[in-house]
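In what follows, a single structure is set out as structure tokens and then discussed.
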Amino acid sequence: RLEIVKTLLARLNDFPKDWQPQTRYDQLIDEAFGLKASKVTDELNKLSQKEIEERYGDELVWSGFGNRNLLTPYFEFKNIVEKLAPKPGTLMVDLGSGLGRQGIYLGLTHPEVRFHGYEIVEERVAESSRAAQDLGLSNTRFSRQDLSDTQFKPEAADFYYAFNPVSGATFLKIMNDLREQSVKHNKPFTLVLAFSKDVDQILRDNTGFEEKKIGRAHV
């Protein structure tokens, strides 16, 4: 099974760097990972808006979307990781890890790098954790966490990744958390973003970050 997974990941560059041509190929990779992405997404989409609000309040959970529009393509992860070139022992934290694609990809291609994904939707956390465990990814873990919780701060890390994971107000809180952790632990970090207009405005209003573009993402 791992040989099939490695073969599929090695062929990512054989496809156009666009979301649409990659969709079916990404589904094959999910299946090879044993990641039941469609099942989890379909179950979440069955919930009413009232049920969503009761569970998650005002936080973004991206219900009502199909996986083609919801999940980041694997070639995006490949591009980002290649540009970051993480060293052995470094830690990447995913702020809104969804179904865990980023962590599973990183765990398979860079097992020397540690990964911790935070996700508010319990079903996504359970599925990504199960798939990572089945693949024997000892340096990859996922936790159920509401990032808006004022009592919570992500741990100090070398890299943070966020793809439109939270509301604008929560994103501002997270930015302040990361700054605080960096100063407290004297640890510089890189934040990789693919963001919405709300987040873009927050970044413009809160200086102190050096920005450059990596494909569709910003750091």
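The values are calculated or read from the model by the stated rules, or taken from the named source; none is laboratory data. The shown structure was predicted, so the numbers you read here are calculated from the model rather than taken from an experiment. Ideal geometry is used to build each Cβ from the backbone, glycine not excepted, and the neighbour counts take in all protein chains shown. Quick note on the areas: whole protein, heavy atoms, side chains included, nothing else; ligands and nucleic acids left out. Shrake-Rupley method; radii C 1.70, N 1.55, O 1.52, S 1.80 Å.
What region 1-147 shows is 50 Å² of accessible area per residue, with the surface traced by a 1.4 Å probe over protein heavy atoms. Taking each DSSP H run with n ≥ 4 as -39500 (n - 2.57) and averaging over every residue of the chain yields -14500 deg cm²/dmol at 222 nm. Between ASN176 and GLU53, what FRET efficiency comes out of the Förster formula 1/(1 + (r/R0)^6) with R0 = 25 Å and r the beta carbon distance, rounded to 0.05? Result of the calculation: an efficiency of 0.45. Ligands, DNA and RNA excluded, the heavy atoms of ARG55 present near 120 Å² of accessible surface to a 1.4 Å solvent probe. Counting protein heavy atoms only, region 1-67 has 52 percent of its accessible area on carbon and sulfur, 1.4 angstrom probe. Note on ARG144 and VAL183: their simple-model spin labels are 3.4 nm apart, each label 7 Å out from Cα toward Cβ.
When DSSP beta bridges are restricted to pairs lying wholly in the chain, around 15% turn out antiparallel.
Once the Cβ-Cβ distance between GLU31 and LEU60 is put in as r, and R0 is 30 Å, what FRET efficiency do you end up with, to the nearest 0.05? It comes out at approximately 0.65.
The apolar share of the surface of region 121-175, taken as the fraction of accessible area on carbon and sulfur atoms (1.4 Å probe, ligands and nucleic acids excluded), comes to 45 percent.
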